[in-house]
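Q: Handing you this structure, nothing more for now.
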């Protein structure tokens, strides 16, 4: 009897030992920003990357998108090296601080982004109509973006990341600066995208949102991936407090390790005679 083969889940985003150093302009001091970071995201998953400020979350996203090049290691998206030109049309990106031309209306801005993808005019018009409804901007899409609130700009940013109907979506701090109503709107949009089967990778400091939206979470501390786990294994009942405890426990552990290593280094230095 032939053995039944079960197809392996498709890996859509993959980082293998990504390492990145930053060279300061003053004194040319080299600082390690990311240290051998590895992760895998399967098709249809929502992956949340969390960590303290300065842990390397935004750097990781930029490396996965090919906006930065690693000093060592590999980043692959949709089976190709990061920034492969033939895959860029299947990727959407919302940066942490998106820039909008304040004189353009929301509709004009989305049309402009569609043209950057060389989309046909009829398809752009169709996608713009669909997206302004999806992000609840139908009553503001003909208003200059310079008059938009923070929440409206964030929703417009998500719309522009979706204009090309991407398979993979990268969102850098999508809830940043939003009030509770704005966060609720963004969560609703992301739930809809999950239901459509989109693969989503996002950074966030807001653990309740990560717990609600993500299938899997990775924790960066001081440039190192110290934990990578299914959210269901951390918070069995969906209580974000368990995710918060997970975060604090690992951050404290790594901080204590760093202090101990620093103390050992100091003790090994020879004493200087007065």
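The values are calculated or read from the model by the stated rules, or taken from the named source; none is laboratory data. Everything numeric in this text was worked out from a predicted model, so none of it was measured. No Cβ is skipped: glycine too gets one built from the backbone with ideal geometry, and neighbour counts run over all protein chains shown.
Q: Let me confirm something: among 138, 126, which residue is over 23 Å from the mean Cα position of the chain (by Cα), in a loop (DSSP other than H, G, I, E, B) and without any contact (Cβ under 8 Å) to a residue 12 or more places away in the chain?
A: Details: 126 fails: in a loop (DSSP other than H, G, I, E, B).
Just one listed residue meets the conditions, 138.
Q: While we're looking at this one, here's another question. Inspect all residues belonging to the range 162-169 and state whether any of them is surrounded by 21 or more Cβ atoms within 10 Å (Cβ to Cβ), under 21 Å from residue 211 (Cα atoms) and touching a strand residue (DSSP E or B) at 6+ places or on another chain (Cβ under 6 Å).
A: Yes, there is a match, as at least one residue in the range 162-169 is surrounded by 21 or more Cβ atoms within 10 Å (Cβ to Cβ), under 21 Å from residue 211 (Cα atoms) and touching a strand residue (DSSP E or B) at 6+ places or on another chain (Cβ under 6 Å).
Q: Return yes when residue 193 is modelled with pLDDT under 90, part of a helix (DSSP H, G or I), more than 17 Å from residue 96 (Cα to Cα) and in contact with a helix residue (DSSP H, G or I) (Cβ under 9 Å, 6 or more places away or on another chain) and no when it is not. Walk me through how you get there before you give the answer.
A: On the way: modelled with pLDDT under 90: no; part of a helix (DSSP H, G or I): yes; more than 17 Å from residue 96 (Cα to Cα): yes; in contact with a helix residue (DSSP H, G or I) (Cβ under 9 Å, 6 or more places away or on another chain): yes.
So residue 193 does not fit the description; no.
Q: Got a sec? Which of 176, 118 is assigned to a loop (DSSP other than H, G, I, E, B), modelled with pLDDT of 90 or more, out of contact with any helix residue (DSSP H, G or I) (no Cβ under 6 Å at 6 or more places or on another chain) and surrounded by fewer than 20 Cβ atoms within 10 Å (Cβ to Cβ)?
A: Values: 176 fails: modelled with pLDDT of 90 or more.
Within the list 176, 118, the selection yields 118.
Q: Take residue 85 and tell me if it is in contact with a strand residue (DSSP E or B) (Cβ under 6 Å, 6 or more places away or on another chain), more than 15 Å from residue 12 (Cβ to Cβ) and modelled with pLDDT under 90. Break it down into steps so the answer makes sense when it comes.
A: Details: in contact with a strand residue (DSSP E or B) (Cβ under 6 Å, 6 or more places away or on another chain): no; more than 15 Å from residue 12 (Cβ to Cβ): yes; modelled with pLDDT under 90: yes.
No.
Q: A further question follows. Filter the range 89-111 down to the residues that are within 13 Å of residue 164 (Cα to Cα), in a helix (DSSP H, G or I) and touching a helix residue (DSSP H, G or I) at 6+ places or on another chain (Cβ under 9 Å) and list them by number.
A: 110, 111
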